[in-house]
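If you scroll down you'll find the structure; I have some questions about it.
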There are 2 protein chains.
Amino acid sequence: MLLLGAASTLVDGIHEGVRARGFTDLRPAHGFAFVRLAPDGATVAELADHLGVTKQAASQTADELVRKGYVERRPHPTDARARLLVLTARGWACTRAADESAEEVLRAWADALGPDQLAGVRAALSRLAVPGRIRPTW
Amino acid sequence: MLLLGAASTLVDGIHEGVRARGFTDLRPAHGFAFVRLAPDGATVAELADHLGVTKQAASQTADELVRKGYVERRPHPTDARARLLVLTARGWACTRAADESAEEVLRAWADALGPDQLAGVRAALSRLAVPGRIRPTW
DNA sequence: ACTATTTAGTCAAGCTGCTTGACTAAATTT
DNA sequence: AAATTTAGTCAAGCAGCTTGACTAAATAGT
């Protein structure tokens with residue numbers, strides 16, 4: 001319960017910070033998509049794999065992000081079937097907002113725990129096997 | 001991401017252990033209901049509050065658990081409007097299975113981390129403010 | 001005391017995010 | 001050059017949740 005509560009607090013805290021920075025039309029689930037798209041973009045299939053959903057569902061999520069101006073569909077450089085989903089300027093701005101928000105939450109935790117204990121938690125969790133996919137829906 | 005991954009691993013691990021013990025008709029969300037019902041039962045409204053959903057949704061969950069034989073609806077001892085949801089023998093058996101399964105996961109983590117480091121994580125998380133409600137759906 | 005309001009629970013309808021199934025076009029394998 | 005696989009979309013359906021409306025019991029107001 002402690003672990004689940006902490007995870008909830010983290011997700012909700014980041015979400016709240018992102019909202020406070022003006023991105024009010026996104027839900028936490030979109031953040032997980034941004035994580036995959038941020039570095040160099042990704043295809044719908046890659047996004048689906050990352051989110052642990054079908055490619056149809058991932059395509060719908062992508063549609064929504066395109067419609068709201070966070071993502072752009074570009075032709076794929078090497079595969080004419082595929083399309084590369086990449087962040088727009090707005091998408092990058094939102095990503096930065098999420099990073100700042102996450103830092104705020106972690107700073108609060110560092111204040112409560114001390115930096116050493118927080119680093120200890122991080123080190124411990126990193127030693128546990130963690131699934132590549134994030135499936136937040138139970 | 002480490003925290004979310006660990007939470008996912010924990011939930012999925014417990015769920016898998018419960019399934020392996022023969023309770024194949026439940027999802028992790030039901031486990032959160034059991035947590036609230038286990039000690040002395042609860043009303044639909046209390047369950048709704050615990051799960052962070054409307055009482056209509058909690059009532060549907062209760063219906064399902066009744067239909068599957070895990071929960072019983074009894075008249076409330078002091079309030080004729082309310083009905084007390086209590087676990088059946090099968091419900092208690094499932095609760096025990098979940099406890100065993102959780103112990104297994106934690107034992108695996110203790111093997112990976114050492115008992116001291118695991119206890120440290122537990123102590124650190126307990127110092128962070130944790131919401132009473134578990135909202136697993138992002 | 002008796003009226004007014006709140007509270008516990010259910011019924012009904014609707015929405016959202018996901019699923020399965022079917023399909024086209026491009027890439028890859030044989 | 002044909003057969004198969006892969007990327008993506010369209011369409012329909014489902015599960016779990018929501019809002020809204022209602023009944024009956026408890027509680028509050030005067």
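The values are calculated or read from the model by the stated rules, or taken from the named source; none is laboratory data. Remember, it's a predicted structure, so these values are computed and weren't measured experimentally. Cβ coordinates were reconstructed from backbone atoms using ideal geometry, including for glycine residues, and neighbour counts include every protein chain displayed. With ligands, DNA and RNA removed, areas are computed over all heavy atoms of the protein, side chains included. Shrake-Rupley method; radii C 1.70, N 1.55, O 1.52, S 1.80 Å.
What is chain B's relative contact order, in percent, from Cα pairs under 8 angstrom and six or more apart in sequence?
On the way: 127 pairs, mean separation 38.2, N = 138.
Computed value for chain B: 28 percent relative contact order.
Given springs between every Cα pair under 10 Å in a Gaussian network model of chain A, which of A:ARG107, A:ARG83, A:ARG122 has the largest fluctuation?
Looking only at A:ARG107, A:ARG83, A:ARG122, the biggest GNM fluctuation is shown by A:ARG122.
Another one. What number comes out for accessible area per residue over the range B:2-127 if the probe is 1.4 Å? Units Å², please.
Values: 6600 Å² over 126 residues.
Value for the range B:2-127: 52 Å² per residue.
Compute the distance in nm between two label points, each set 7 Å from the Cα along the Cα-to-Cβ direction, one at A:ARG96 and one at B:ALA89.
My value for the distance between the label points is 6.5 nm.
Right, something else. For chain A, modelled as a Gaussian network with Cα springs under 10 Å, which listed residue fluctuates most, A:THR43, A:THR54, A:THR95?
For chain A, modelled as a Gaussian network with Cα springs under 10 Å, the answer is A:THR54.
Rounded to a whole number, what % of the accessible area of the range A:23-138 do carbon and sulfur atoms account for, probe 1.4 Å? Write down the numbers at each step before the final one.
On the way: 3420 of 6470 Å².
Answer for the range A:23-138 is 53 percent, counting heavy atoms of protein chains only.
Here's something else I'd like to know. Can you return the lysines within cross-link range of A:LYS55? Criterion is Cα-Cα under 22 Å, with same-chain partners fewer than 8 residues away left out.
Output for A:LYS55: A:LYS68.
Taking springs between alpha-carbon atoms closer than 10 angstrom, which of A:GLY69, A:GLY120, A:GLY13 fluctuates most in the Gaussian network model of chain A?
Maximum fluctuation in the GNM of chain A, among the listed residues, is at A:GLY120.
List the distances, in nm and shortest first, from the label point of A:THR78 to the matching label points in every other copy, placing each point 7 Å from Cα along the Cα-to-Cβ direction.
Those separations, rounded to one decimal, come out as 7.0 nm.
Nearest to the axis that maps chain A onto chain B: list the chain A residue whose Cβ wins, with the distance in whole angstrom.
Nearest Cβ to the rotation axis, residue and whole-Å distance: A:ALA7, 2.
Would you list A:ILE14, B:ILE134 from the most to the least accessible area, probe 1.4 Å? Can you show the working numbers first?
Details: A:ILE14 45, B:ILE134 10 Å².
Descending accessible area places them as A:ILE14, B:ILE134.
Compute accessible area for the range A:1-43 by itself and then with all protein chains, 1.4 Å probe, and report residues whose area falls by 30 Å² or more.
Output list: A:MET1, A:LEU2, A:LEU3, A:LEU4, A:GLY5, A:ALA6, A:ALA7, A:SER8, A:THR9, A:LEU10, A:VAL11, A:PHE32.
Still on this structure, please answer the following. Could you tell me the total accessible area buried at the A-B interface, probe 1.4 Å, in square angstrom to the nearest hundred?
In total, this chain pair buries about 3700 Å².
Bin by bin, in steps of 10 Å, what percent of the Cα pairs in chain A do you find, going until the bin that has the longest distance?
It works out to 11, 37, 34, 16, 3, 0, in whole percents.
Provide an ascending nm list, one decimal, of label-point separations from B:ALA108 to the equivalent residue in each further copy; define each label point as 7 Å from Cα along Cα→Cβ.
Computed spacing set for this position: 3.2 nm.
Oh, and also: Tell me the accessible surface of B:MET1 in square angstrom (1.4 angstrom probe, heavy atoms of protein chains only), to the nearest ten.
100
Treating the point 7 Å from Cα along Cα-beta-carbon as the label, what are the nm separations from A:ASP40 to the other copies, to one decimal?
Label point to label point, same position, other copies: 6.1 nm.
Another question, then. Toward the positive end of the charge dipole of chain A, about the Cα centre and with charges on Cβ (Lys, Arg +1; Asp, Glu -1), which of A:ALA93, A:PRO28, A:ALA82 goes farthest?
Value: A:ALA82.
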